[in-house]
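What follows is a short report on a single structure.
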Amino acid sequence: MSRQTSAFVSARRILLLGAAATVFAGAAVAQGSATPAVRLFKVVSPRDEIFIGLTAQELAALQGSSPAEAVAKKIAADGQMTVWQYSVRRGDGGTLVMAPLSKVSLMAAGIVRIEPYQPAHPVIAPGA
């Protein structure tokens, strides 16, 4: 191959890779914009932190300007809240997923902070 042909092939590959990256990035944004079936939160206490999940129906029953505030208000008002604890595990096909581990009760006295959590892995709804 001549230098011009080689340069043309390299430029073409770069353009194709850029186009492919744009398509995949658009797909990721579209996937991320859908309302998730389960919203995850990180609950921080003086001793540790855990990840919890609430379904859209559970969040709709709570009141607050943001989902994290709604959870915090519910725990503060009632003194406790029972939720699903989530953790990373292997799903079908061996891929990593965030899945419900067990039901836990959060006590208002032990919570320092509740914050929304954006998982790097797909989230499995309880009972799914």
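The values are calculated or read from the model by the stated rules, or taken from the named source; none is laboratory data. All values derive from a computational prediction rather than experimental measurement. Glycine also receives a Cβ, built like all others from the backbone with ideal geometry; neighbour counts cover every protein chain displayed.
One line per residue, one yes/no per condition, for (1) surrounded by 14 or more Cβ atoms within 10 Å (Cβ to Cβ); (2) within 26 Å of residue 46 (Cβ to Cβ):
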residue	(1), (2)
66	no, yes
69	no, yes
84	yes, yes
88	yes, yes
92	no, no
113	no, yes
118	no, yes
126	yes, no
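Residue 4 - would you say it is under 30 Å from residue 109 (Cα atoms) and modelled with pLDDT of 50 or more?
Numbers: under 30 Å from residue 109 (Cα atoms): no; modelled with pLDDT of 50 or more: yes.
Here the answer is no, as residue 4 does not meet what is asked.
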Do any residues in the range 101-128 that are farther than 14 Å from residue 71 by Cα have Cβ atoms under 6 Å from those of residues that are not hydrophobic (A, V, I, L, M, F, W, C), where the two are at least six apart or on different chains, and which pairs are they? 101/85; 101/87; 102/85; 103/82; 104/85; 110/45; 126/100
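Only one of 88, 112, 104 is under 15 Å from the mean Cα position of the chain (by Cα) and hydrophobic (A, V, I, L, M, F, W, C); which?
Just one listed residue meets the conditions, 88.
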